[in-house]
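The values are calculated or read from the model by the stated rules, or taken from the named source; none is laboratory data. Treat the numbers as computed from the prediction; the structure is a model and nothing was measured. Don't worry about glycine lacking a Cβ; one is built from the backbone with ideal geometry, like all the others, and counts go over all protein chains shown. The protein model used for the area step is the full one, side chains on, heavy atoms only, and it has no ligands, DNA or RNA in it. Shrake-Rupley method; radii C 1.70, N 1.55, O 1.52, S 1.80 Å.
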Amino acid sequence: MHNLLLSYYGDDLTGSTDVMEALELGGVPTVLFMRQPDEALFAQFKHCQAVGLAGTSRSETPHWMDTHLRDAFAWLKTLKAEICHYKVCSTFDSSPTIGSIGRAIEIGREVFKQDSVPLLVGAPQLKRYTAFGHLFAAYRDQYFRIDRHPVMSRHPTTPMDESDLLIHLSRQTDLTSGLIDLATLQSEQRSQAFDRFVDRGAAIVLVDVDSRETQALAGKEIWRMRKPGGSFVAGSSGVEYALLAEWASNDIVGAGPGFTPPGAADRIAVVSGSCSPTTERQIRHALSDGFDGIEVDPVELVSEASQQAITRTAASGGASLQAGRSVILYTALGPAADRGAEIDRQEGARHKLGRGLGALLRQLTDEQSLRRVVIAGGDTSSHALGQMGVDALTVRMPLPASPGSPLCVAHSHVKAIDGLEVALKGGQVGTDRYFSSIRDGLRS
(Lines give C-alpha, C1' and ligand atoms only; values in the text may rest on other atoms or scores of the structure.)
Protein backbone atom coordinates (compact mmCIF):
# COMPACT_ATOMS: atom_id res chain seq x y z
CA MET A 1 0.00 0.00 0.00
CA HIS A 2 1.27 3.46 -0.86
CA ASN A 3 0.06 6.94 0.09
CA LEU A 4 -2.36 5.77 2.75
CA LEU A 5 -4.83 8.43 3.76
CA LEU A 6 -5.50 6.95 7.18
CA SER A 7 -4.54 4.23 9.62
CA TYR A 8 -6.38 3.56 12.84
CA TYR A 9 -6.59 1.49 16.00
CA GLY A 10 -10.10 0.70 17.22
CA ASP A 11 -10.49 0.38 20.98
CA ASP A 12 -13.01 -2.39 20.42
CA LEU A 13 -14.20 -4.38 17.43
CA THR A 14 -17.56 -2.74 16.85
CA GLY A 15 -15.88 0.65 16.98
CA SER A 16 -13.37 -0.58 14.43
CA THR A 17 -16.08 -1.63 11.98
CA ASP A 18 -17.83 1.69 12.58
CA VAL A 19 -14.76 3.48 11.18
CA MET A 20 -14.49 1.05 8.28
CA GLU A 21 -18.12 1.67 7.36
CA ALA A 22 -17.68 5.47 7.43
CA LEU A 23 -14.60 5.29 5.21
CA GLU A 24 -16.16 2.90 2.70
CA LEU A 25 -19.30 5.04 2.42
CA GLY A 26 -17.01 8.01 1.75
CA GLY A 27 -15.19 6.30 -1.09
CA VAL A 28 -12.08 5.12 0.78
CA PRO A 29 -11.36 1.36 0.34
CA THR A 30 -10.54 0.02 3.81
CA VAL A 31 -9.39 -3.21 5.44
CA LEU A 32 -9.56 -4.04 9.14
CA PHE A 33 -6.95 -6.49 10.43
CA MET A 34 -7.55 -8.51 13.58
CA ARG A 35 -3.82 -8.41 14.41
CA GLN A 36 -0.67 -7.09 12.81
CA PRO A 37 -0.61 -8.86 9.42
CA ASP A 38 2.31 -10.63 7.81
CA GLU A 39 3.48 -9.50 4.37
CA ALA A 40 1.36 -12.05 2.49
CA LEU A 41 -1.88 -11.03 4.21
CA PHE A 42 -1.07 -7.33 3.93
CA ALA A 43 -0.42 -7.70 0.19
CA GLN A 44 -3.95 -9.02 -0.39
CA PHE A 45 -5.30 -5.54 0.36
CA LYS A 46 -2.75 -3.34 -1.40
CA HIS A 47 -5.59 -1.48 -3.15
CA CYS A 48 -6.86 -0.07 0.15
CA GLN A 49 -6.36 3.58 1.12
CA ALA A 50 -7.04 3.01 4.81
CA VAL A 51 -5.87 0.31 7.22
CA GLY A 52 -7.36 -0.51 10.60
CA LEU A 53 -6.20 -2.64 13.50
CA ALA A 54 -8.96 -4.01 15.73
CA GLY A 55 -8.14 -3.80 19.42
CA THR A 56 -9.54 -4.35 22.89
CA SER A 57 -8.17 -1.34 24.78
CA ARG A 58 -11.66 -0.12 25.74
CA SER A 59 -11.81 -2.99 28.25
CA GLU A 60 -8.13 -3.02 29.25
CA THR A 61 -6.01 -1.44 31.98
CA PRO A 62 -3.42 1.32 31.53
CA HIS A 63 -0.73 -1.28 32.34
CA TRP A 64 -1.96 -3.41 29.43
CA MET A 65 -1.93 -0.35 27.18
CA ASP A 66 1.68 0.44 28.06
CA THR A 67 2.78 -2.68 26.19
CA HIS A 68 0.11 -3.65 23.69
CA LEU A 69 -1.10 -0.22 22.62
CA ARG A 70 2.44 1.10 22.32
CA ASP A 71 3.35 -1.80 20.02
CA ALA A 72 0.21 -1.24 17.92
CA PHE A 73 0.89 2.49 17.51
CA ALA A 74 4.50 1.78 16.59
CA TRP A 75 3.38 -0.56 13.81
CA LEU A 76 0.76 1.87 12.55
CA LYS A 77 3.39 4.61 12.45
CA THR A 78 5.48 2.52 10.03
CA LEU A 79 2.60 2.69 7.52
CA LYS A 80 3.15 6.47 7.23
CA ALA A 81 -0.49 7.26 6.64
CA GLU A 82 -1.37 10.95 6.55
CA ILE A 83 -3.44 10.53 9.73
CA CYS A 84 -3.26 7.85 12.43
CA HIS A 85 -6.45 7.70 14.49
CA TYR A 86 -6.99 6.22 17.95
CA LYS A 87 -10.68 5.43 17.72
CA VAL A 88 -12.78 5.61 20.90
CA CYS A 89 -16.47 5.06 21.48
CA SER A 90 -18.63 8.07 20.64
CA THR A 91 -20.08 7.91 24.16
CA PHE A 92 -16.51 8.37 25.51
CA ASP A 93 -17.13 5.93 28.36
CA SER A 94 -13.81 5.19 30.05
CA SER A 95 -12.18 5.45 33.45
CA PRO A 96 -8.72 5.83 35.01
CA THR A 97 -8.51 2.04 35.43
CA ILE A 98 -10.44 0.65 32.43
CA GLY A 99 -10.20 1.92 28.86
CA SER A 100 -8.32 5.07 29.84
CA ILE A 101 -8.49 7.42 26.87
CA GLY A 102 -6.09 9.72 28.68
CA ARG A 103 -3.42 7.03 28.89
CA ALA A 104 -3.95 6.09 25.24
CA ILE A 105 -3.36 9.69 24.18
CA GLU A 106 -0.21 9.85 26.31
CA ILE A 107 1.15 6.77 24.54
CA GLY A 108 0.19 8.10 21.11
CA ARG A 109 1.97 11.42 21.76
CA GLU A 110 5.12 9.56 22.79
CA VAL A 111 5.16 7.17 19.82
CA PHE A 112 4.43 9.88 17.24
CA LYS A 113 6.61 12.45 19.03
CA GLN A 114 3.75 14.90 18.79
CA ASP A 115 3.21 17.73 21.26
CA SER A 116 -0.47 18.41 20.60
CA VAL A 117 -3.20 15.85 19.80
CA PRO A 118 -6.53 16.91 18.25
CA LEU A 119 -9.55 15.22 19.88
CA LEU A 120 -12.91 15.04 18.13
CA VAL A 121 -15.89 13.16 19.59
CA GLY A 122 -19.07 14.60 18.08
CA ALA A 123 -20.57 12.54 15.25
CA PRO A 124 -23.99 13.76 14.06
CA GLN A 125 -24.28 10.65 11.87
CA LEU A 126 -24.45 8.64 15.12
CA LYS A 127 -26.50 11.28 16.97
CA ARG A 128 -23.54 12.31 19.14
CA TYR A 129 -22.83 16.01 19.66
CA THR A 130 -20.35 18.13 21.59
CA ALA A 131 -21.15 21.70 22.55
CA PHE A 132 -18.76 23.85 24.61
CA GLY A 133 -16.95 20.71 25.66
CA HIS A 134 -20.02 18.77 26.83
CA LEU A 135 -21.16 15.52 25.20
CA PHE A 136 -24.77 14.79 24.27
CA ALA A 137 -26.19 11.53 22.88
CA ALA A 138 -29.53 10.27 21.62
CA TYR A 139 -31.55 7.46 23.13
CA ARG A 140 -34.83 6.37 21.54
CA ASP A 141 -35.28 9.67 19.68
CA GLN A 142 -34.58 11.82 22.72
CA TYR A 143 -31.33 13.67 23.46
CA PHE A 144 -29.48 13.62 26.76
CA ARG A 145 -26.36 15.08 28.25
CA ILE A 146 -24.14 12.02 28.61
CA ASP A 147 -24.14 12.10 32.43
CA ARG A 148 -27.94 11.97 32.31
CA HIS A 149 -28.16 9.40 29.55
CA PRO A 150 -30.50 6.53 30.59
CA VAL A 151 -27.91 3.91 29.57
CA MET A 152 -24.41 5.36 29.46
CA SER A 153 -24.66 7.09 32.82
CA ARG A 154 -25.26 3.59 34.24
CA HIS A 155 -22.79 1.59 32.16
CA PRO A 156 -21.87 -1.50 34.22
CA THR A 157 -18.10 -1.02 33.80
CA THR A 158 -17.44 2.62 32.88
CA PRO A 159 -20.47 4.77 33.78
CA MET A 160 -20.32 8.32 32.41
CA ASP A 161 -20.94 10.64 35.35
CA GLU A 162 -19.31 13.73 33.78
CA SER A 163 -20.37 15.39 30.52
CA ASP A 164 -17.49 17.88 30.32
CA LEU A 165 -15.02 15.76 28.36
CA LEU A 166 -11.91 17.65 29.42
CA ILE A 167 -12.86 17.29 33.09
CA HIS A 168 -13.52 13.60 32.44
CA LEU A 169 -10.07 13.28 30.83
CA SER A 170 -8.40 15.12 33.71
CA ARG A 171 -9.17 12.09 35.88
CA GLN A 172 -7.15 9.92 33.50
CA THR A 173 -4.17 12.10 32.58
CA ASP A 174 -2.22 15.13 33.73
CA LEU A 175 -1.81 16.36 30.17
CA THR A 176 -2.87 19.96 29.59
CA SER A 177 -5.83 20.59 27.34
CA GLY A 178 -7.78 23.22 25.45
CA LEU A 179 -11.13 23.56 23.70
CA ILE A 180 -12.02 24.90 20.27
CA ASP A 181 -15.66 25.62 21.08
CA LEU A 182 -18.48 26.06 18.60
CA ALA A 183 -18.25 29.84 18.53
CA THR A 184 -14.51 29.79 17.88
CA LEU A 185 -14.75 26.98 15.35
CA GLN A 186 -17.24 28.95 13.27
CA SER A 187 -15.26 32.19 13.42
CA GLU A 188 -12.57 33.42 11.06
CA GLN A 189 -10.03 32.96 13.85
CA ARG A 190 -10.39 29.21 14.27
CA SER A 191 -6.98 28.38 12.75
CA GLN A 192 -5.23 31.02 14.81
CA ALA A 193 -7.00 29.74 17.94
CA PHE A 194 -5.87 26.20 17.19
CA ASP A 195 -2.30 27.36 16.60
CA ARG A 196 -2.31 29.33 19.87
CA PHE A 197 -3.24 26.21 21.84
CA VAL A 198 -0.40 24.32 20.17
CA ASP A 199 2.08 27.15 20.78
CA ARG A 200 1.08 27.33 24.44
CA GLY A 201 1.70 23.61 24.86
CA ALA A 202 -1.85 22.24 25.07
CA ALA A 203 -1.31 18.48 24.75
CA ILE A 204 -4.96 17.76 23.93
CA VAL A 205 -7.17 20.07 21.85
CA LEU A 206 -10.86 19.09 21.90
CA VAL A 207 -12.84 20.35 18.91
CA ASP A 208 -16.62 20.80 19.25
CA VAL A 209 -18.93 19.27 16.64
CA ASP A 210 -22.70 19.74 16.74
CA SER A 211 -23.60 19.54 13.04
CA ARG A 212 -22.25 18.43 9.70
CA GLU A 213 -21.22 22.01 9.03
CA THR A 214 -19.05 22.25 12.15
CA GLN A 215 -17.83 18.72 11.48
CA ALA A 216 -16.51 19.83 8.10
CA LEU A 217 -14.73 22.79 9.72
CA ALA A 218 -13.14 20.45 12.27
CA GLY A 219 -11.96 18.18 9.46
CA LYS A 220 -10.39 21.14 7.69
CA GLU A 221 -8.34 21.95 10.82
CA ILE A 222 -7.26 18.37 11.49
CA TRP A 223 -6.11 18.00 7.88
CA ARG A 224 -4.32 21.37 7.99
CA MET A 225 -2.47 20.41 11.18
CA ARG A 226 -1.04 17.14 9.82
CA LYS A 227 2.73 16.78 9.56
CA PRO A 228 5.04 14.77 7.27
CA GLY A 229 5.19 11.11 8.25
CA GLY A 230 1.73 11.10 9.81
CA SER A 231 -0.15 12.85 12.60
CA PHE A 232 -1.85 11.26 15.60
CA VAL A 233 -5.51 12.10 16.30
CA ALA A 234 -7.95 10.74 18.90
CA GLY A 235 -11.73 10.54 18.88
CA SER A 236 -14.84 8.79 17.61
CA SER A 237 -15.65 7.91 14.01
CA GLY A 238 -16.57 11.57 13.81
CA VAL A 239 -12.88 11.98 12.90
CA GLU A 240 -13.45 10.02 9.68
CA TYR A 241 -16.66 11.84 8.81
CA ALA A 242 -14.88 15.18 9.36
CA LEU A 243 -11.91 14.19 7.21
CA LEU A 244 -14.14 12.75 4.48
CA ALA A 245 -15.84 16.14 4.14
CA GLU A 246 -12.45 17.79 3.70
CA TRP A 247 -11.17 15.13 1.29
CA ALA A 248 -14.31 15.38 -0.83
CA SER A 249 -14.05 19.18 -1.02
CA ASN A 250 -10.48 18.81 -2.32
CA ASP A 251 -11.29 15.94 -4.71
CA ILE A 252 -8.97 13.62 -2.77
CA VAL A 253 -11.69 10.96 -2.73
CA GLY A 254 -14.52 10.28 -5.14
CA ALA A 255 -18.06 9.05 -4.68
CA GLY A 256 -18.58 6.04 -2.46
CA PRO A 257 -19.28 2.65 -4.02
CA GLY A 258 -22.72 1.19 -4.57
CA PHE A 259 -23.61 -1.75 -2.35
CA THR A 260 -25.81 -4.63 -3.46
CA PRO A 261 -28.05 -6.07 -0.72
CA PRO A 262 -26.88 -9.60 0.11
CA GLY A 263 -30.31 -11.18 0.14
CA ALA A 264 -31.95 -13.19 2.91
CA ALA A 265 -30.19 -15.99 4.77
CA ASP A 266 -32.09 -19.18 5.42
CA ARG A 267 -30.86 -19.09 9.04
CA ILE A 268 -28.32 -17.18 11.12
CA ALA A 269 -26.80 -17.52 14.58
CA VAL A 270 -26.43 -14.62 17.00
CA VAL A 271 -24.35 -14.56 20.20
CA SER A 272 -24.87 -11.68 22.62
CA GLY A 273 -22.95 -10.66 25.71
CA SER A 274 -24.67 -7.27 25.90
CA CYS A 275 -26.74 -6.16 28.89
CA SER A 276 -28.02 -3.07 27.08
CA PRO A 277 -31.75 -2.32 26.99
CA THR A 278 -31.31 -1.65 23.27
CA THR A 279 -30.05 -5.20 22.75
CA GLU A 280 -32.81 -6.50 25.01
CA ARG A 281 -35.45 -4.96 22.73
CA GLN A 282 -33.69 -6.40 19.68
CA ILE A 283 -33.62 -9.88 21.19
CA ARG A 284 -37.27 -9.73 22.23
CA HIS A 285 -38.26 -8.54 18.75
CA ALA A 286 -36.31 -11.38 17.14
CA LEU A 287 -37.92 -13.95 19.43
CA SER A 288 -41.31 -12.71 18.24
CA ASP A 289 -40.12 -12.90 14.64
CA GLY A 290 -39.12 -16.53 14.25
CA PHE A 291 -35.84 -16.77 16.15
CA ASP A 292 -35.27 -19.38 18.85
CA GLY A 293 -33.72 -18.00 22.04
CA ILE A 294 -31.24 -19.90 24.21
CA GLU A 295 -30.11 -18.40 27.50
CA VAL A 296 -26.43 -18.93 28.30
CA ASP A 297 -25.32 -18.87 31.94
CA PRO A 298 -22.45 -16.33 31.97
CA VAL A 299 -21.12 -17.53 35.32
CA GLU A 300 -20.88 -21.11 34.07
CA LEU A 301 -19.28 -19.89 30.83
CA VAL A 302 -16.35 -18.35 32.74
CA SER A 303 -16.02 -21.23 35.21
CA GLU A 304 -13.96 -24.41 35.02
CA ALA A 305 -17.05 -26.00 33.45
CA SER A 306 -16.99 -23.62 30.48
CA GLN A 307 -16.27 -26.28 27.89
CA GLN A 308 -19.21 -28.37 29.05
CA ALA A 309 -21.40 -25.26 28.85
CA ILE A 310 -20.23 -24.55 25.30
CA THR A 311 -20.82 -28.15 24.21
CA ARG A 312 -24.29 -28.29 25.75
CA THR A 313 -25.36 -24.90 24.39
CA ALA A 314 -23.97 -25.68 20.93
CA ALA A 315 -26.10 -28.82 20.86
CA SER A 316 -29.23 -26.80 21.67
CA GLY A 317 -28.39 -24.11 19.14
CA GLY A 318 -27.50 -26.72 16.55
CA ALA A 319 -30.91 -28.36 16.93
CA SER A 320 -32.67 -25.08 16.12
CA LEU A 321 -30.42 -24.41 13.15
CA GLN A 322 -30.79 -27.97 11.90
CA ALA A 323 -34.54 -27.44 11.93
CA GLY A 324 -34.07 -24.37 9.74
CA ARG A 325 -34.62 -21.71 12.40
CA SER A 326 -32.33 -18.84 13.33
CA VAL A 327 -31.09 -18.74 16.91
CA ILE A 328 -29.97 -16.16 19.47
CA LEU A 329 -27.72 -17.30 22.33
CA TYR A 330 -27.60 -14.59 25.00
CA THR A 331 -26.05 -14.13 28.44
CA ALA A 332 -28.46 -11.41 29.58
CA LEU A 333 -31.82 -10.01 28.65
CA GLY A 334 -31.40 -6.38 29.62
CA PRO A 335 -29.79 -4.60 32.59
CA ALA A 336 -31.95 -6.39 35.13
CA ALA A 337 -30.32 -9.69 34.13
CA ASP A 338 -26.75 -8.39 34.38
CA ARG A 339 -24.62 -10.78 36.47
CA GLY A 340 -21.46 -8.75 36.17
CA ALA A 341 -20.90 -8.62 39.92
CA GLU A 342 -20.71 -12.43 40.05
CA ILE A 343 -18.53 -12.62 36.96
CA ASP A 344 -16.07 -10.01 38.21
CA ARG A 345 -15.13 -12.16 41.20
CA GLN A 346 -12.81 -13.94 38.78
CA GLU A 347 -9.99 -11.88 37.26
CA GLY A 348 -10.27 -11.56 33.48
CA ALA A 349 -13.71 -13.16 33.47
CA ARG A 350 -15.31 -10.64 31.11
CA HIS A 351 -12.67 -11.37 28.49
CA LYS A 352 -13.20 -15.10 29.04
CA LEU A 353 -16.93 -14.61 28.57
CA GLY A 354 -16.36 -13.07 25.15
CA ARG A 355 -13.95 -15.84 24.17
CA GLY A 356 -16.48 -18.46 25.29
CA LEU A 357 -19.20 -16.94 23.11
CA GLY A 358 -16.73 -16.85 20.21
CA ALA A 359 -15.88 -20.52 20.66
CA LEU A 360 -19.60 -21.33 20.76
CA LEU A 361 -20.27 -19.38 17.57
CA ARG A 362 -17.35 -20.96 15.75
CA GLN A 363 -18.57 -24.44 16.66
CA LEU A 364 -22.05 -23.65 15.34
CA THR A 365 -20.60 -22.11 12.17
CA ASP A 366 -18.46 -25.19 11.50
CA GLU A 367 -21.11 -27.78 12.30
CA GLN A 368 -24.02 -26.06 10.58
CA SER A 369 -22.11 -24.54 7.62
CA LEU A 370 -23.44 -21.08 8.43
CA ARG A 371 -22.70 -18.21 6.06
CA ARG A 372 -24.00 -15.30 8.17
CA VAL A 373 -23.63 -14.62 11.91
CA VAL A 374 -23.95 -11.75 14.39
CA ILE A 375 -22.03 -10.84 17.55
CA ALA A 376 -23.65 -8.29 19.89
CA GLY A 377 -21.78 -6.28 22.49
CA GLY A 378 -18.73 -4.08 21.96
CA ASP A 379 -16.42 -5.77 24.45
CA THR A 380 -17.92 -9.17 23.59
CA SER A 381 -17.24 -8.74 19.88
CA SER A 382 -13.55 -8.01 20.32
CA HIS A 383 -12.85 -11.16 22.30
CA ALA A 384 -15.38 -13.39 20.53
CA LEU A 385 -14.13 -12.77 17.01
CA GLY A 386 -10.63 -13.63 18.19
CA GLN A 387 -11.85 -17.22 18.61
CA MET A 388 -13.28 -17.40 15.09
CA GLY A 389 -10.04 -17.58 13.11
CA VAL A 390 -10.73 -14.30 11.29
CA ASP A 391 -7.66 -12.52 9.87
CA ALA A 392 -9.32 -9.43 8.39
CA LEU A 393 -12.69 -7.82 7.66
CA THR A 394 -14.03 -5.74 4.80
CA VAL A 395 -17.47 -4.14 4.41
CA ARG A 396 -20.16 -6.18 2.66
CA MET A 397 -23.07 -3.80 3.20
CA PRO A 398 -23.70 -0.79 5.47
CA LEU A 399 -26.96 -0.69 7.41
CA PRO A 400 -28.48 2.76 6.82
CA ALA A 401 -30.98 2.29 9.66
CA SER A 402 -28.22 1.27 12.09
CA PRO A 403 -25.08 3.28 11.27
CA GLY A 404 -21.89 1.97 12.81
CA SER A 405 -22.74 -1.74 12.56
CA PRO A 406 -22.24 -2.91 8.96
CA LEU A 407 -22.43 -6.41 7.61
CA CYS A 408 -18.81 -7.46 6.96
CA VAL A 409 -16.99 -10.20 5.09
CA ALA A 410 -14.45 -12.29 7.00
CA HIS A 411 -11.12 -13.15 5.38
CA SER A 412 -9.54 -16.17 6.99
CA HIS A 413 -6.99 -18.95 6.61
CA VAL A 414 -9.75 -21.24 7.96
CA LYS A 415 -11.84 -22.54 5.07
CA ALA A 416 -15.11 -22.66 7.03
CA ILE A 417 -14.69 -19.01 8.09
CA ASP A 418 -13.33 -17.44 4.89
CA GLY A 419 -16.15 -15.51 3.21
CA LEU A 420 -18.41 -15.68 6.28
CA GLU A 421 -20.68 -12.64 6.59
CA VAL A 422 -20.37 -11.16 10.07
CA ALA A 423 -22.30 -8.31 11.67
CA LEU A 424 -20.94 -6.79 14.87
CA LYS A 425 -22.95 -4.35 16.94
CA GLY A 426 -22.34 -2.38 20.09
CA GLY A 427 -24.87 -2.53 22.89
CA GLN A 428 -26.46 0.84 22.08
CA VAL A 429 -26.53 0.40 18.30
CA GLY A 430 -29.41 -0.55 16.01
CA THR A 431 -33.14 -0.49 15.62
CA ASP A 432 -35.41 -3.05 17.25
CA ARG A 433 -35.39 -5.05 13.98
CA TYR A 434 -31.60 -5.31 13.86
CA PHE A 435 -31.28 -9.11 14.08
CA SER A 436 -34.29 -9.71 11.86
CA SER A 437 -32.89 -7.25 9.32
CA ILE A 438 -29.56 -9.11 9.15
CA ARG A 439 -31.39 -12.42 8.62
CA ASP A 440 -33.72 -10.95 6.01
CA GLY A 441 -30.98 -9.39 3.88
CA LEU A 442 -31.12 -5.83 5.28
CA ARG A 443 -34.59 -5.11 3.99
CA SER A 444 -36.21 -2.23 5.87
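Structure notes:
- Of the numbered criteria (1) farther than 22 Å from residue 176 by Cα; (2) among the aromatic types (Phe, Trp, Tyr); (3) buried (at least 18 other Cβ atoms within 10 Å of the Cβ), the one residue 42 fails is (3).
- Taken together, 87, 80 contain a single residue that is farther than 21 Å from residue 135 by Cβ and among the basic types (Lys, Arg), which is 80.
- Verdict on residue 59 being open to solvent by less than 10 Å² (accessible area, probe 1.4 Å) and not charged (D, E, K, R): no
- Of all positions in region 252-261, at least one carries a residue that is without any contact (Cβ under 8 Å) to a residue 40 or more places away in the chain and open to solvent by 50 Å² or more (accessible area, probe 1.4 Å).
- Tabulated pairs, region 164-193, first open to solvent by less than 70 Å² (accessible area, probe 1.4 Å), second among the β-branched types (Val, Ile, Thr) and assigned to a helix (DSSP H, G or I), C-beta under 6 angstrom, 6+ apart or interchain: 185/214; 190/184; 193/184
- Top-ranked residue in region 208-228 [being outside any helix (DSSP H, G or I) and of a type outside the set (D, E, K, R); ranked as nearest to residue 194 (Cα to Cα)]: 225
- Any hit, region 281-288, residues being open to solvent by 10 Å² or more (accessible area, probe 1.4 Å), within 27 Å of residue 103 (Cα to Cα) and outside any loop (DSSP other than H, G, I, E, B): no
- Tallying residues that are under 14 Å from the mean Cα position of the chain (by Cα), small (Gly, Ala, Ser) and part of a strand (DSSP E or B) within region 370-399 yields 1.
- Residue count for region 15-29, restricted to those that are free of Cβ contacts under 8 Å to residues at least 40 places away in the same chain and in a helix (DSSP H, G or I): 0
- Going through (1) buried (at least 24 other Cβ atoms within 10 Å of the Cβ); (2) over 29 Å from residue 49 (Cβ atoms); (3) among the basic types (Lys, Arg) one by one, residue 425 falls short only on (2).
- Candidate set: region 103-142, residues that are under 12 Å from residue 203 (Cβ atoms) and charged (D, E, K, R); chosen: the one surrounded by the most Cβ atoms within 10 Å (Cβ to Cβ): 106
- Pairing residues of region 421-444 that are in contact (Cβ under 8 Å) with a residue 60 or more places away in the chain and acidic (Asp, Glu) with residues that are open to solvent by 40 Å² or more (accessible area, probe 1.4 Å) and not in a loop (DSSP other than H, G, I, E, B), at Cβ distances under 7 Å and at least 6 apart in sequence or on separate chains, gives 421/396; 432/281; 432/285.
- Residue check, residue 82 acidic (Asp, Glu) and within 18 Å of residue 117 (Cα to Cα): yes
- Flag for residue 32 being part of a helix (DSSP H, G or I) and either open to solvent by 10 Å² or more (accessible area, probe 1.4 Å) or on the phi < 0 side of the Ramachandran plot (or both): no
- Only one entry of 324, 293, 318 meets the criterion of being modelled with pLDDT of 95 or more and part of a strand (DSSP E or B), and that entry is 293.
- Residue match in region 76-91 (condition: over 21 Å from residue 381 (Cα atoms) and crowded, with 24+ Cβ neighbours inside 10 Å): yes
- In region 353-369, of all residues being in a helix (DSSP H, G or I) and open to solvent by 60 Å² or more (accessible area, probe 1.4 Å), the one that is modelled with the lowest pLDDT corresponds to 355.
- Positions within region 229-244 being open to solvent by 10 Å² or more (accessible area, probe 1.4 Å) and either without any contact (Cβ under 8 Å) to a residue 24 or more places away in the chain or in a helix (DSSP H, G or I) (or both), in sequence order: 241, 244
- Number of positions in region 381-395 that are closer than 23 Å to residue 25 by Cβ and surrounded by fewer than 21 Cβ atoms within 10 Å (Cβ to Cβ): 1
- Candidates 140, 145 - the one that is touching a His at 6+ places or on another chain (Cβ under 7 Å) and without any contact (Cβ under 8 Å) to a residue 60 or more places away in the chain: 145
- Qualifying residue in region 117-136 (condition: closer than 20 Å to residue 198 by Cβ, out of contact with any strand residue (DSSP E or B) (no Cβ under 6 Å at 6 or more places or on another chain) and of a type in the set (Val, Ile, Thr)): no
- Complete set of residues in region 194-223 that are open to solvent by 20 Å² or more (accessible area, probe 1.4 Å) and either among the aliphatic types (A, V, I, L, M) or in contact with a Cys (Cβ under 8 Å, 6 or more places away or on another chain) (or both): 198, 216, 217
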